[in-house]
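A.B. asks: Just dropping this structure here.
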Amino acid sequence: MVPARVARVLRPGCVVCVLATSPRGDEPEERCCVAMEPGGDVIAELAADHRELEALFSQIELQPVDHPRRRELADRLTAELVRHTVAEERHLYPAVRKHVPHGPAMADKELADHARAERMLKDLEDLSVDDPRFNDTIAKLKLEVASHTREEEHELFPKLAAALPPQTLDELGRLVRRARETAPTRPHPSLPNTPPANRLLVPGAGLVERVRDLLRTTTR
């Protein structure tokens, strides 16, 4: 089977898998590749984000239950997930609404998924790592994100790839990368100790809104 279009790869070392349908309309098959290029189209960028989120969930689960590192990783997960969802809301879903058959309904479904995940992130902000609800919330969030990403990669991404030319997918990928590069989602020595960057260095309550606010001011 020859796939109609497979997302190009992006960041070195990232494995990107998508389902692609052949021009004859055969059953879709999974295609996987390892990123060797510094950038990719929107499908590759977002799929690699999904893999990074999966890795963060795994890191949290590997830590001892009451280890403070779990709080640090949970805050990083929050920042990365919000940055990712904002990128999808700003660049992916408008394209889906405009170009994909039944796109408005698909986009609305994905936005509802985002809203549920964000409510869980806000619940997580106020929980200490030794609170039993911390583990429960992480587990529920992991299931929510896994279901959402699976649906995107198996259904939405192939339809978008079939609807848009490579040049448009590349441009959307560039916009997603810009959101990633301008949003500091973890403490870093090179970040200035002035607003808006330093607002993300303080964990806990309000982190979800701080990431969203920063993205609004830096990626327009």
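The values are calculated or read from the model by the stated rules, or taken from the named source; none is laboratory data. Everything quoted here is computed from the prediction, not taken from an experiment. For neighbour counting, all protein chains shown are included, and Cβ atoms are generated from backbone atoms with ideal geometry for every residue, glycine included.
A.B. asks: For segment 146-155, check the following and say yes or no: at least one residue is modelled with pLDDT under 95 and among the aliphatic types (A, V, I, L, M).
C.D. replies: Here is the first cut: in segment 146-155, the residues modelled with pLDDT under 95 are none.
Scanning segment 146-155 turns up no residue that is modelled with pLDDT under 95 and among the aliphatic types (A, V, I, L, M).
A.B. asks: Follow-up. Taking Ser128 as the residue in question, decide whether it is assigned to a helix (DSSP H, G or I) and hydroxyl-bearing (Ser, Thr, Tyr).
C.D. replies: For Ser128, the condition - assigned to a helix (DSSP H, G or I) and hydroxyl-bearing (Ser, Thr, Tyr) - is not met.
A.B. asks: Out of (1) more than 14 Å from the chain's Cα centre (by Cα); (2) within 22 Å of Leu56 (Cβ to Cβ); (3) at pLDDT 95 or above; (4) surrounded by fewer than 18 Cβ atoms within 10 Å (Cβ to Cβ), what's the single condition that is false for Asp131?
C.D. replies: With (1) more than 14 Å from the chain's Cα centre (by Cα); (2) within 22 Å of Leu56 (Cβ to Cβ); (3) at pLDDT 95 or above; (4) surrounded by fewer than 18 Cβ atoms within 10 Å (Cβ to Cβ) applied to Asp131, the lone miss is (3).
Yes/no per residue for (1) under 17 Å from the mean Cα position of the chain (by Cα); (2) more than 19 Å from Pro158 (Cβ to Cβ); (3) modelled with pLDDT of 90 or more:
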{"residue": "Arg24", "(1), (2), (3)": "no, no, no"}
{"residue": "Glu37", "(1), (2), (3)": "no, yes, no"}
{"residue": "Ser58", "(1), (2), (3)": "yes, yes, yes"}
{"residue": "Ala95", "(1), (2), (3)": "yes, no, yes"}
